[in-house]
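Visitor: Sending over a structure as structure tokens; questions will come in a sec.
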Amino acid sequence: MTAYRLIDWQQPGYVEMPVPQPGPGQVRVRVGGVGLCHSDILFLDSPAGVLPYDLPFTLGHETAGWIDAVGDGVTGIATDTAVAVACMSPCGQCRQCLRGADNYCVDSWHGRGFGMDGGLASFVVVGAGQVVPLGDLDPRVVAPLTDAGATSYHAVKRTLPKLAADSVVAVIGVGGLGGYAVQWLRILTSARIVAVEARPERLEAARALGADDVIEAGDGLSRRLREAIGPQGADAVYDFVGTDSTMNAAIRNAAVLGSVAIVGQGFGSYHLTWGGIAHDVDVFVPQGATIAELGEVVDLAKSGEVIVEVEQFGFDDAPTAYSRLREGTLNGRAVVLPPG
Ligand code: NAD
Ligand code: ZN
């Protein structure tokens, strides 16, 4: 089979590889679609010595497809079942896995498509417990639910106990992850949703996805965000950009007892001072989602209430799709279709 791999640092390319065989407890998935994530840009651009991975590995961590073969001991999952593949490959035995936080398995730096072989190939082998059946959902469309959908869901879900009927929330960066965050908030809460975006076309998309108010990123963001939120501040702010400016706007606009999720890997910082944050605000920097949360996301998508925005690309066009992601010219998540 052909795989699109990170061959050396800053050197992705197509490589011929043997079709992987599922071992005991594993399944082989014939890949239908692979969503491209902004995190991939970090993997593609990092020079040697930055990320803790051995090369090469196959890129692509938002994978969905069909069960193609099962290894010894695997029961209860039939071939041709459509499945979403979890990004992480948790051990199931460490302290975090046992407490249900398998997205923080001891080695959460590694996952499929980052340090391990991912989905940008005809086939990928994964643990049988790391796939979620999709029912009638099309793997060539819903692959981005596995990270863009699930990671944003994890962030929103953690804040739900602190939201009330009259809450105001803010989502900064309404791209792949942020677009789903707006939707989880629309579906799961009655909060008024304020969205912040840098690209005018995504401001419009944010409204279509469920934002009540939209404001453009840029100068004076923190002040303009407060005007849109109202003087009490936001009960939750989700930052899918993570630069100095967005982290400042996020943390400064959180209400007393509110939450701030810094999800974007923009390598920003915020200098915390007395008075620079409201009382009892929880700031957290989440990563990924549990497999159970991926299951909840798939169930929500099955309900038909979730808009899955995708732009599909042939397998040979993976480099073009990555360029479009980098340029910020995609209308919805890029999904690459390997030849399965
Ligand atoms: P994306 O490119 O699809 O979306 C980012 C959006 O932010 C774009 O619409 C862009 O126009 C907008 N934007 C850029 N600068 C902005 C600014 N200053 N203010 C407002 N909006 C701005 O990216 P994505 O795939 O959704 O990923 C978003 C971030 O989340 C990335 O940093 C990615 O690395 C990170 N990420 C984190 C995790 C995690 O587990 N923590 C998982 C996946 C992705
Ligand atoms: Zn990702």
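The values are calculated or read from the model by the stated rules, or taken from the named source; none is laboratory data. Predicted model only: the values in this text are computed from it and were never measured. We place every Cβ from the backbone using ideal geometry, glycine too, and count neighbours over all the protein chains shown. Ligands, DNA and RNA are stripped out before the accessible areas are found, and what is left, the full protein with its side chains, is counted by its heavy atoms. Shrake-Rupley method; radii C 1.70, N 1.55, O 1.52, S 1.80 Å.
Visitor: Could you say whether any residue in the range 120-128 is surrounded by fewer than 19 Cβ atoms within 10 Å (Cβ to Cβ) and within 16 Å of ligand 2 (Cβ to nearest atom)?
Guide: no
Visitor: Further question: I'm checking my understanding of the structure. Among residues of the range 184-193 that are surrounded by 24 or more Cβ atoms within 10 Å (Cβ to Cβ) and not aromatic (Phe, Trp, Tyr), which one is farthest from ligand 2 (Cβ to nearest atom)?
Guide: By that ranking, first place goes to Ile193.
Visitor: In the range 219-232, how many residues are outside any helix (DSSP H, G or I), touching a residue at least 12 places away in the same chain (Cβ under 8 Å) and open to solvent by less than 40 Å² (accessible area, probe 1.4 Å)?
Guide: Result for the range 219-232: 1.
Visitor: Give all pairs with beta carbons closer than 8 Å in which a residue from the range 98-116 that is touching a residue at least 24 places away in the same chain (Cβ under 8 Å) meets a residue that is of a type in the set (Phe, Trp, Tyr) and loosely packed, with under 15 Cβ neighbours inside 10 Å; count only pairs at least 6 apart in sequence or on separate chains.
Guide: Gly115/Trp109
Visitor: Within the range 21-38, how many residues are touching a Phe, Trp or Tyr at 6+ places or on another chain (Cβ under 7 Å) and either not aliphatic (A, V, I, L, M) or not in a strand (DSSP E or B) (or both)?
Guide: Step one: of the range 21-38, the residues touching a Phe, Trp or Tyr at 6+ places or on another chain (Cβ under 7 Å) are 28-32, 36.
Narrowing further to those that are either not aliphatic (A, V, I, L, M) or not in a strand (DSSP E or B) (or both): 28, 30, 32, 36.
Count: 4.
Visitor: Would you mind finding the one in Gln312, Gln287 that is open to solvent by 60 Å² or more (accessible area, probe 1.4 Å) and in a strand (DSSP E or B)?
Guide: Gln312
Visitor: List every residue pair whose Cβ atoms lie under 6 Å apart, where the two residues are 6 or more positions apart in sequence or sit on different chains, the first residue falls within the range 8-26 and is modelled with pLDDT of 95 or more, and the second residue, located anywhere, is open to solvent by 60 Å² or more (accessible area, probe 1.4 Å) and of a type in the set (A, V, I, L, M).
Guide: Trp9/Ala48; Gly13/Ile7
Visitor: Please find, among Thr58, Thr2, the residue that is hydroxyl-bearing (Ser, Thr, Tyr) and open to solvent by 20 Å² or more (accessible area, probe 1.4 Å).
Guide: From the options Thr58, Thr2, the qualifying one is Thr2.
Visitor: How about the range 212-256: which of its residues are more than 12 Å from ligand 1 (Cβ to nearest atom) and farther than 23 Å from Lys162 by Cα?
Guide: Correct list: Gly220, Arg223.
Visitor: Output the number of residues of the range 315-340 satisfying the condition of being more than 14 Å from ligand 1 (Cβ to nearest atom), farther than 20 Å from Leu42 by Cβ and open to solvent by less than 20 Å² (accessible area, probe 1.4 Å).
Guide: The total comes to 2.
Visitor: Condition first: within 13 Å of ligand 2 (Cβ to nearest atom) and open to solvent by 30 Å² or more (accessible area, probe 1.4 Å). Now tell me which residues in the range 136-174 satisfy that.
Guide: Scanning the range 136-174 gives no hits.
Visitor: Show the residue pairs meeting these rules: Cβ distance below 7 Å; 6+ apart or different chains; first residue within the range 41-66 and touching a residue at least 40 places away in the same chain (Cβ under 8 Å) and more than 21 Å from Ser323 (Cα to Cα); second residue among the β-branched types (Val, Ile, Thr) and part of a helix (DSSP H, G or I).
Guide: Ala64/Val142; Ala64/Thr146
Visitor: What tally of residues in the range 249-274 results from selecting those that are open to solvent by less than 70 Å² (accessible area, probe 1.4 Å) and in a helix (DSSP H, G or I)?
Guide: Number satisfying all stated conditions: 3.
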